[in-house]
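The values are calculated or read from the model by the stated rules, or taken from the named source; none is laboratory data. Note that the structure is a prediction, hence the values are computed from the model and not measured. Using ideal geometry, Cβ is built from the backbone for each residue, glycine included, and neighbour counts are taken over all protein chains shown. Accessible surface areas use protein heavy atoms only, side chains included; no ligands, DNA or RNA. Shrake-Rupley method; radii C 1.70, N 1.55, O 1.52, S 1.80 Å.
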Amino acid sequence: MLIALIALVLMVMISVDAPLHEAVRQWMAASPGLKTGFRTLTRLGSSAWILIISAGVGLVLSVSPWPYLPRRERRQRLWLYADANFVVFTVAASGVTASLIKNTIGRARPRHFDQLGAWHFDFAAFESGFASFPSGHSTTFGALCMAMALLAPRLWPCWLGFAVLGGFSRVAVGAHYLSDIVTGLCFGAGFVIVFAHYLARRGVMFEFTRSWMPRRRRFI
């Protein structure tokens, strides 16, 4: 699977990134209202609001009067507390890792396309303009949506759609190439799955099923 993903990213990088960037740039120039909508959507890929909300939920639950609650409600709160911490860790850890990777690789962002093209790399530049691959926002979208798909699997089509739209918004606003998005989404989602497998092997939160996707346990 990893080899197939690498081949897909290279194919997109070689044959799709540049022409799609040009097409989307013209499309957005002709549709300023649509670009404004994508700018609003892309802000949801910022990990700050996700971490603040998730950590806030965990903090409130941690100081709530657990001993005075019925057993069933204590168990539900424990599930929610574990879920909040799972989201915090996976979004934060995948985001930090992606940031280190993209700053080390140093791919030029699309704003440098006219001068440098889509294949310019300045390794270990650690500058915003040379931190395009993979997309940090798309990593966050991938991690958040995969985490929610594991915690609320019945809504997985919604999480998938949100991840795809959120990732594409980075192309629409001219912040990334499509290959950056594909890699970021897959990296974020893959990080969550690997961590869920780790927890399943330890018998915490998740359990193995007949498929490769772990399942949320009915108890912690």
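If you rank W156, W49, W79 by how much accessible surface each has, with a 1.4 Å probe, what is the order from largest down?
W156, W49, W79
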Residue-level accessible surface for C186, protein heavy atoms, 1.4 Å, Å²: 60 Å²
So what does T40 come to for accessible area, using a 1.4 Å probe and Å² rounded to 10? 80 Å²
Ranked output for segments 12-25, 125-138, 60-73 by mean other Cβ atoms within 10 Å, highest leading, reads 125-138, 12-25, 60-73
For segment 94-106, just list the computed ³J(HN,Hα) in residue order, Karplus coefficients 6.51, -1.76 and 1.60, θ = phi - 60°, integers in Hz, with x standing in for Gly and Pro. 5, x, 5, 4, 4, 5, 5, 5, 5, 6, 6, 5, x
As a test of reading the structure, rank T183, T140 by solvent-accessible area (1.4 Å probe, protein chains only), most first. T183, T140
Relative to the longest principal Cα axis of the chain, at what angle does helix 17-30 sit, 0 to 90 degrees, rounded to 10? 90 degrees
Residue-normalised 222 nm signal for the chain, counting each DSSP H run of n ≥ 4 as -39,500 (n - 2.57), nearest 500 deg cm²/dmol, is -23000 deg cm²/dmol
Accessible area, probe 1.4 Å, largest first, for residues V182, V192: V182, V192
Tell me the angle of helix 136-151 to the major Cα principal axis of the chain, expressed in degrees between 0 and 90 and rounded to the nearest ten. 30 degrees
Among Q26, W79, A163, whose Cα lies farthest out toward the positive end of the dipole of the chain, if unit charges sit on the beta carbon of Lys, Arg (+1) and Asp, Glu (-1)? W79
Would you work out what percent of the accessible area of the chain, with all protein chains in place, is carbon or sulfur (probe 1.4 Å)? 69 percent
Quick check: the angle from helix 47-62's long axis to the longest principal axis of the chain, C-alpha only, nearest 10 degrees? 10 degrees
Using a 1.4 Å probe and ignoring any ligands, DNA or RNA, find the accessible area of M11 and quote it in Å² to the nearest 10. 110 Å²
